[in-house]
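The values are calculated or read from the model by the stated rules, or taken from the named source; none is laboratory data. Being a predicted model, the structure only gives us computed values, none of them experimental. FYI the Cβ positions are ideal-geometry reconstructions off the backbone, even for glycines, and counts take in every protein chain you see.
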Amino acid sequence: MEFLTPQPNHSSTNTATTTETPPSAAPTSRYENQKRRDWNTFCQYLRNHRPPLSPSLCGGPHVLEFLRYLDQFGKTKVHHQTCPYFGMPNPPSPCPCPLRQAWGSLDALIGRLRAAYEEHGGKPETNPFGARTIRVFLREVRDFQARSRGISYEKKRKRPKQKKESRVARAEIKTLLDG
């Protein structure tokens, strides 16, 4: 499998019906820009890897290694289990615990890299960013950071919408009971 950078199609036989904009003229979203930067960072990491790797030879363990490498640039305080502030959302004073990548940042990064992998010619079934080991790793990071920082990452449940008829019926019952 060969990974190629997506290139715009500049060969047009009928210029009257085909309008092409130069790549620099089309504004890209923040998401697209970040996805491109993330992909370039990952590819640079693979080139610097010993031995160097191509994205087509990359697997789940290489992605985990990349995530652990990125961890050193994190800005989120994650307390050790032995730290007296373990589980406190707002510790009263500084501690020597390390700064790590936040779970939400890692989760978003993996989502962008997963999309970029497929845009660069990778097949969804061989996408290392969608591997089970990556999902398990992210879940473990989320759970540990939640305990360490005293923050819950649980999804909030939506309250079921009340039907209009039931509200009207309750109002009628109330007027009958009051009257």
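Restricting the search to segment 39-54, which residues are surrounded by 12 or more Cβ atoms within 10 Å (Cβ to Cβ), more than 19 Å from the chain's Cα centre (by Cα) and assigned to a helix (DSSP H, G or I)?
Passing the criteria: only Leu46.
Would you say Ser152 is in a helix (DSSP H, G or I), out of contact with any Pro (no Cβ under 7 Å at 6 or more places or on another chain), among the hydroxyl-bearing types (Ser, Thr, Tyr) and closer than 30 Å to Pro92 by Cβ?
Criteria not met by Ser152.
Go through Pro94, Pro89 for me and flag whichever is modelled with pLDDT under 90 and farther than 19 Å from Phe129 by Cβ.
Result of the check over Pro94, Pro89: Pro89.
Mind checking which pairs have a first residue in segment 83-104 that is within 13 Å of Ile151 (Cβ to Cβ) and a second that is part of a loop (DSSP other than H, G, I, E, B) and of a type in the set (Ser, Thr, Tyr), Cβ under 6 Å, 6 or more apart or different chains?
Qualifying pairs under 6 Å: Pro91/Tyr85.
Kindly indicate which of Lys155, Lys77 is out of contact with any Asp or Glu (no Cβ under 8 Å at 6 or more places or on another chain) and either modelled with pLDDT under 90 or loosely packed, with under 13 Cβ neighbours inside 10 Å (or both).
Going through Lys155, Lys77 in turn, the sole match is Lys155.
Just for segment 13-41: of the residues that are of a type in the set (S, T, N, Q) and farther than 23 Å from Arg114 by Cβ, which one is modelled with the highest pLDDT?
So, considering only residues that are of a type in the set (S, T, N, Q) and farther than 23 Å from Arg114 by Cβ, the one modelled with the highest pLDDT is Ser24.
Going through segment 113-152 one residue at a time, which ones are loosely packed, with under 14 Cβ neighbours inside 10 Å and small (Gly, Ala, Ser)?
The one that is loosely packed, with under 14 Cβ neighbours inside 10 Å and small (Gly, Ala, Ser): Ser152.
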